[in-house]
1. Return a yes/no flag: does region B:14-22 have any residue that is in contact (Cβ under 8 Å) with a residue 60 or more places away in the chain, more than 11 Å from chain A (Cβ to nearest Cβ) and buried (at least 19 other Cβ atoms within 10 Å of the Cβ).
2. Counting just the residues of region B:57-116 that are away from chain A (no Cβ under 12 Å) and among the aromatic types (Phe, Trp, Tyr), which one comes out surrounded by the most Cβ atoms within 10 Å (Cβ to Cβ)?
3. Considering (1) surrounded by 21 or more Cβ atoms within 10 Å (Cβ to Cβ); (2) within 23 Å of residue A:34 (Cβ to Cβ); (3) away from chain A (no Cβ under 14 Å), say which one residue B:27 fails and leave the rest.
4. Output the number of the condition that residue A:93 fails; it satisfies all remaining conditions of (1) within 10 Å of chain B (Cβ to nearest Cβ); (2) crowded, with 18+ Cβ neighbours inside 10 Å.
5. Any chance region A:39-60 includes a residue that's more than 23 Å from residue A:97 (Cβ to Cβ) and of a type in the set (Phe, Trp, Tyr)?
6. It is to be established whether one or more residues within region A:11-25 are free of Cβ contacts under 8 Å to residues at least 60 places away in the same chain, among the basic types (Lys, Arg), under 18 Å from residue A:110 (Cβ atoms) and surrounded by fewer than 18 Cβ atoms within 10 Å (Cβ to Cβ).
7. Looking only at region A:20-64, filter to residues that are basic (Lys, Arg) and part of a strand (DSSP E or B); which one of those is farthest from the other protein chains (Cβ to nearest Cβ)?
8. Just one of (1) under 28 Å from residue B:96 (Cβ atoms); (2) surrounded by 12 or more Cβ atoms within 10 Å (Cβ to Cβ) trips up residue A:111, so point out which.
Amino acid sequence: AQSVAQPEDQVNVAEGNPLTVKCTYSVSGNPYLFWYVQYPNRGLQFLLKYITGDNLVKGSYGFEAEFNKSQTSFHLKKPSALVSDSALYFCAVRDGRDSSYKLIFGSGTRLLVRP
Amino acid sequence: DTGVSQDPRHKITKRGQNVTFRCDPISEHNRLYWYRQTLGQGPEFLTYFQNEAQLEKSRLLSDRFSAERPKGSFSTLEIQRTEQGDSAMYLCASSLRGAGDYNEQFFGPGTRLTVL
């Protein structure tokens, strides 16, 4: 069965410090991995995706994520956090064998960046 | 705004009533998805359309739920005989079928349903 785990309900960082939001996944086929961000009263916004190729992918707003096949992880990172990055972050996976293209989401991690 | 739109944004209803939500995807997108998100959880897949064909339904979609996408454009999600457990945010997403089928899904703002 497909699943995504985000082990941290909340991550707290100081502005200017690097941040990491963790994600691990389980699929039977090739994983297609995504990160989305959700601001209050707004829909999910796409940040970045990993399909194949370079394990480090870059996305919107300075975010990047590193795919690690052996650890089945896809952690979200940013070198220098901004207060405006405070939001709810979701990791999602699509199983390459799934013909419905549906995404399986983690439970989310709230990022709080303090000034 | 050319993104995914949903209507209404909020719906309060009494238990036992029927409700219908509408989703307008990005115009050139031929795939459309419905998800449900409850407080403190990530979105859960409900159903998927490619053009007008409903190709997959989750076991979460009981027989009280029905979704349509006539003419492959907008979609509606109807819940009959609502129950308090149906209270959630209902999200619509769309994507474009392209080479390799790796395209990301774009989400609407959601419809928040409260069943009293």
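All of the numbers you see were taken from the coordinates with simple rules; none came from a lab. All figures in this text were calculated on a predicted structure; none of them were measured in a lab. Positions of Cβ are generated from backbone atoms using ideal geometry, with glycine treated the same way; all protein chains shown enter the neighbour counts.
1. Of all residues in region B:14-22, those in contact (Cβ under 8 Å) with a residue 60 or more places away in the chain come to B:14-19, B:21.
From the residues that got through so far, the ones that are more than 11 Å from chain A (Cβ to nearest Cβ) too are B:14-19, B:21.
Keeping just the survivors that are buried (at least 19 other Cβ atoms within 10 Å of the Cβ) gives B:21.
For region B:14-22, residues in contact (Cβ under 8 Å) with a residue 60 or more places away in the chain, more than 11 Å from chain A (Cβ to nearest Cβ) and buried (at least 19 other Cβ atoms within 10 Å of the Cβ): present.
2. So, considering only residues that are away from chain A (no Cβ under 12 Å) and among the aromatic types (Phe, Trp, Tyr), the one surrounded by the most Cβ atoms within 10 Å (Cβ to Cβ) is B:65.
3. The failed condition is (1).
4. (1)
5. Yes, because at least one residue in region A:39-60 is more than 23 Å from residue A:97 (Cβ to Cβ) and of a type in the set (Phe, Trp, Tyr).
6. Looking for residues that are free of Cβ contacts under 8 Å to residues at least 60 places away in the same chain, among the basic types (Lys, Arg), under 18 Å from residue A:110 (Cβ atoms) and surrounded by fewer than 18 Cβ atoms within 10 Å (Cβ to Cβ), one finds none in region A:11-25, hence no.
7. The residue in question is A:58.
8. Unmet condition: (1).
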